[in-house]
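The values are calculated or read from the model by the stated rules, or taken from the named source; none is laboratory data. Here the structure is a predicted model, which is why all the values come from computation and not from measurement. Neighbour counts run over all protein chains shown; Cβ positions are idealised from the backbone, glycine included. Accessible surface is based on the protein model in full, side chains and every heavy atom, while ligands, DNA and RNA are left aside. Shrake-Rupley method; radii C 1.70, N 1.55, O 1.52, S 1.80 Å.
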Amino acid sequence: MTLSDNQYPATLIDGDVMAVCYRAIETALQTVMPADGKFRYVPLTPRPSDTQWRAFTGKMPVVGIGWQGWHAGKLPGATFRGPLVFSVAILTAHRQPEHLYVGDGKLAGAFGVTAAAIGVLNGLTVSGAGTAYVMSASSAELAQFLEEGQSSVLLTVQFENVALELERITPQLDDFKTLSCEIVDSPSGEPT
């Protein structure tokens, strides 16, 4: 049996609809928090090491985007479908404690980045995935990991009822297009 060269086409390698949603979140956030030297964008890994965490919190403000999960919906079927959930962490720092929430007039505080993120993410429509909703925004989850003068916001962003784009993926998978085949796996060349 010979396997085709495209067992994992690009649409599967990058994660298909998961990658599309991840990139859409980042693109939307950059419209209000541009990555032009003021904000940094860093992938938020599920369990960052000390080195990764120090790199993430090293220079603020910083935006981290991570994937929380993809859960099966309540209506089972032939296609896996359900809510696709991401985390967005935004960290800022100010010298004066009173600026942590409301900002200093130049750089937003926790309230400003929260409002901006909700403004661009809640209702964000992504082709093939649907509409994003901000399910929660909180400053409590990451607070214990921050130093004095730092502020954090953690948002949960959810796309409802998401499925892989099978009509785009399946034609690229040669093995799934074959209904039956004869496999020869013996020295004599006889079918097994």
Counting only strands (runs of 3 or more DSSP E) entirely within region 77-192, those with at least 2 residues that are touching a helix residue (DSSP H, G or I) at 6+ places or on another chain (Cβ under 7 Å) and at pLDDT below 95 are 81-93, 150-163
Please enumerate the residues belonging to region 63-76 that are assigned to a loop (DSSP other than H, G, I, E, B) and touching a residue at least 60 places away in the same chain (Cβ under 8 Å). G73
The number of residues in region 32-55 that are assigned to a loop (DSSP other than H, G, I, E, B) and either loosely packed, with under 15 Cβ neighbours inside 10 Å or modelled with pLDDT of 90 or more (or both) is 11
Residues that are open to solvent by 50 Å² or more (accessible area, probe 1.4 Å) and in contact (Cβ under 8 Å) with a residue 60 or more places away in the chain, drawn from region 108-146: G119, S127, F145
Residue list for region 78-107, restricted to those being at positive phi and surrounded by fewer than 15 Cβ atoms within 10 Å (Cβ to Cβ): G105
Options M60, M18: the member that is touching a strand residue (DSSP E or B) at 6+ places or on another chain (Cβ under 8 Å), in a loop (DSSP other than H, G, I, E, B) and surrounded by 14 or more Cβ atoms within 10 Å (Cβ to Cβ): M60
